[in-house]
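The values are calculated or read from the model by the stated rules, or taken from the named source; none is laboratory data. Since the structure is predicted, the reported quantities are computational estimates derived from the model, not experimental observations. Because the Cβ atoms are built from the backbone with ideal geometry, glycine has one as well, and the counts that use them run over all protein chains shown. With ligands, DNA and RNA removed, areas are computed over all heavy atoms of the protein, side chains included. Shrake-Rupley method; radii C 1.70, N 1.55, O 1.52, S 1.80 Å.
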Amino acid sequence: MSEARSSTSAPTVLRMILGRRLQDMRLGAGASLEDAAKALRVQTLTVRRLEKAEVALKPLYVEKLLETFGAGRQEIDEFVDLAEQANKPGWWHSYRDAVPSWFTAYVSLESDAKTLRTYEPQYVTGLLQTPEYAHAVLRGGIPNGTEEEVARRVELRLRRQSLLEREDAPTLWVVMEEAVLHRVVGGPHVMREQLERLLDLSELAHVSVDIVPFDAGAHVGACAPFTYFRFEEPELPDIVYSELLSASVYLDQRADVVSHLEAHSRMALLTSSEDSRALLNRMRKEYS
């Protein structure tokens with residue numbers, strides 16, 4: 001997964017889990033990629049893509065592979081049922097006209113993650129944005145887009161935020177640079193409301209907002225924004241997402257993930273919850 005993605009159909013997290021299970025079952029049966037490909041009468045690349053959740057899990061393929069791996073009838077039927085569920089498009093599929101194809105995978109991961117750790121050097125992270133702030137950011141990002149296109153992206157962003165209101169809401173830990181608070185997005189009124197929202201959300205037990213002050217100087221995380229995902233399911237590795245101007249990269253190699261996780265932790269040590277709230281309150285008064 002450590003490469004830029006440009007696929008038109010982002011996998012659901014369930015499809016990723018089942019792909020991992022297929023791989024584990026193949027290895028447990030002592031079968032090679034070539035053995036699996038021979039059973040399906042396809043190329044080895046097709047099996048590899050099934051295991052990496054890069055293509056839909058065709059029920060006939062899944063059934064044949066599990067039979068080849070020695071699974072019992074009940075296990076096969078249950079797996080096929082899950083595969084059919086995994087192939088159903090996620091709720092975000094209806095917004096495919098509003099976002100780049102490489103971002104839909106992010107929404108899938110975000111929707112199912114148990115822990116999210118985000119670093120943002122430029123803007124308030126999307127899950128914490130007010131509607132007016134989101135509109136101003138997205139309008140700036142697509143200056144040639146129609147108002148309808150901007151509105152659709154805002155709608156998606158606000159719908160994503162509903163995960164923070166779920167009973168099983170993930171833990172969200174956001175680290176932002178102080179520069180984010182000084183970048184006047186949408187005007188003073190919009191900024192004041194945005195800072196008030198940050199203060200309100202930071203009081204939630206599952207949300208932490210840390211602001212790295214200017215006087216922290218140079219630090220390890222002064223780089224591109226990134227998000228770290230951790231899941232409850234043991235089949236899924238921790239994943240890091242980082243966004244570029246016109247594409248994105250998803251990293252799941254242990255060394256890459258650990259370096260980003262350590263950077264996030266080091267940045268958080270440069271401030272405290274109390275200092276961050278004090279800074280947010282001072283900046284809110286400046287926009288009054």
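Of the strands (runs of 3 or more DSSP E) contained entirely in the stretch 168-233, those carrying at least 2 residues that are under 20 Å from residue 107 (Cβ atoms) and in contact with a strand residue (DSSP E or B) (Cβ under 6 Å, 6 or more places away or on another chain) fall at 171-177, 226-230. State all residues of the stretch 91-119 that are among the polar types (S, T, N, Q), part of a helix (DSSP H, G or I) and open to solvent by 30 Å² or more (accessible area, probe 1.4 Å); if no residue qualifies, say none. Result: 94, 101. When you check residue 261 against the structure, is it open to solvent by 10 Å² or more (accessible area, probe 1.4 Å), touching a strand residue (DSSP E or B) at 6+ places or on another chain (Cβ under 9 Å) and either touching a residue at least 12 places away in the same chain (Cβ under 8 Å) or not in a helix (DSSP H, G or I) (or both), yes or no? Answer is yes for this residue.
Got at least one residue in the stretch 25-48 being within 19 Å of residue 88 (Cβ to Cβ) and either touching a residue at least 24 places away in the same chain (Cβ under 8 Å) or surrounded by 16 or more Cβ atoms within 10 Å (Cβ to Cβ) (or both)? Checked the stretch 25-48: no residue is within 19 Å of residue 88 (Cβ to Cβ) and either touching a residue at least 24 places away in the same chain (Cβ under 8 Å) or surrounded by 16 or more Cβ atoms within 10 Å (Cβ to Cβ) (or both).
The set of residues from the stretch 108-148 being modelled with pLDDT under 95, farther than 30 Å from residue 232 by Cβ and hydroxyl-bearing (Ser, Thr, Tyr) comprises just one member, 146. Each residue in the stretch 59-90 was checked for being crowded, with 17+ Cβ neighbours inside 10 Å and either without any contact (Cβ under 8 Å) to a residue 12 or more places away in the chain or part of a loop (DSSP other than H, G, I, E, B) (or both), and 4 pass. Of the residues that sit in the stretch 264-279 and are free of Cβ contacts under 8 Å to residues at least 24 places away in the same chain and assigned to a helix (DSSP H, G or I), which one is surrounded by the fewest Cβ atoms within 10 Å (Cβ to Cβ)? Among residues in the stretch 264-279 that are free of Cβ contacts under 8 Å to residues at least 24 places away in the same chain and assigned to a helix (DSSP H, G or I), the one surrounded by the fewest Cβ atoms within 10 Å (Cβ to Cβ) is 274.
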